[in-house]
Amino acid sequence: MRVPVVIPVAAALLVGTAAAMAAQAPRDAAAADAAAVQRGQQLLAAECGFCHGANARGGSSGPDLTRSALVQEDERGRQLGAFLRVGRPDRGMPKFDQLTNDQLADLATFLHDTIRAAVNRGAYKILDILVGDPKAGEAFFAGAGRCASCHSATADLKGIGSKYEPAVLQGRIVMPRGRANAASGPPRPPYTEATAVKATVTIGSESFTGAVVRLTDFDVVLFDQKTGRTRSWLRNGDAPKVVVNDPLQAHVDMLLKWTDEDMHNVTAYLAGLK
């Protein structure tokens, strides 16, 4: 029995994930008081960190508080304060009735701000990308990584360091398939990209090659990138003959081979190709 090939629509999953996270965002979307956030973090580390971690993301015996329904539905510490004052001793959660209303408000502010930061990924700052050795990256590019078998620093990758920011560049080294969508409107289907997975369907002496839209044991749907139209065929066993070709198969094969050191080194090398 053949295993069906599943082509995931990553964009759809990302949209669904973003919507779910947005639904979990704190009700108070106003900018948090930085001083209150700092006080709340210090209070959490001192009073709750031994179970829930210094950043509220979970510890040795306590869960991730940013995923707590109570915290997400809390309104400026009201529900959170009511719970903390009684605790849940039967489950190992002590009461914190010594906390003042101001302290509870600070704690809630920190937790809400942490959740808001997780939802608003566009504001996340990625730091310390260029930490590798460019010379070692060049050696890996030309040697063990076999990157030079398809790419050239003086041809297709010429000036790549000026085209992409280091964080984006590192992501595209791992998997160059995918491109940024327009600021508005629905995401573009992955099969419209030049790097989409291709397949050739052969019936008798005729064959057709296109980007894979769907490929299962029952049918195959291909997209003609020149005409913008799709074609489909029903499948019965091995008929019609379907041959799949991924232009990025070398990158797919490398996914399980990359080490942090090699990735950092290659990123540093390519970032220097201005």
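Structure above, values below:
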{"quantity": "Eligible lysines near K226 by straight Cα distance, threshold 26 Å, same-chain separation 8 or greater", "calculated": "K198, K241"}
{"quantity": "Hz values of 3J(HN,Hα) by residue in the range 204-217 - Karplus curve (6.51, -1.76, 1.60), Gly and Pro given as x", "calculated": "x, 9, 9, 9, 9, 10, x, 6, 6, 9, 8, 9, 10, 5"}
{"quantity": "Student exercise, the range 31-123 dipole from Lys, Arg, Asp, Glu Cβ charges, in Debye to nearest 20", "calculated": "220"}
{"quantity": "Protection-proxy order for peptides 254-266, 103-115, each taking the mean of Cβ atoms within 10 Å per residue, highest first", "calculated": "103-115, 254-266"}
{"quantity": "Charge sum, other residues only, whose C-beta stays under 15 Å from A136's C-beta, Lys/Arg counted +1 and Asp/Glu -1", "calculated": "-4"}
{"quantity": "Sequence ranges 165-176, 209-220, 84-95, ranked by mean other-Cβ count within 10 angstrom, highest first", "calculated": "209-220, 165-176, 84-95"}
{"quantity": "Kyte-Doolittle mean at least 1.6, axial Cα span of 18 Å or more - DSSP H helices of the chain", "calculated": "10-23"}
{"quantity": "Rg over Rh, two decimals, the range 155-246 (C-alpha only, Kirkwood Rh)", "calculated": "1.09"}
{"quantity": "Answer label for percent of Cα pairs over 31 Å apart (calculated), chosen among (i) 17; (ii) 21; (iii) 53", "calculated": "(iii)"}
{"quantity": "Rh by Kirkwood over Cα pairs, then Stokes-Einstein D for the range 31-123 at 1.306 mPa s and 10 °C, µm²/s", "calculated": "121"}
{"quantity": "Net dipole in debye of the chain [+1 Lys, Arg Cβ; -1 Asp, Glu Cβ; about Cα centre; nearest 20]", "calculated": "700"}
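The numbers here are math on the coordinates, done by the rules we state, and not lab data. Predicted model, so just to flag it, every value in this text is computed and none were measured. Glycine gets a Cβ as well: all are built from the backbone with ideal geometry, and neighbour counts include every protein chain shown.
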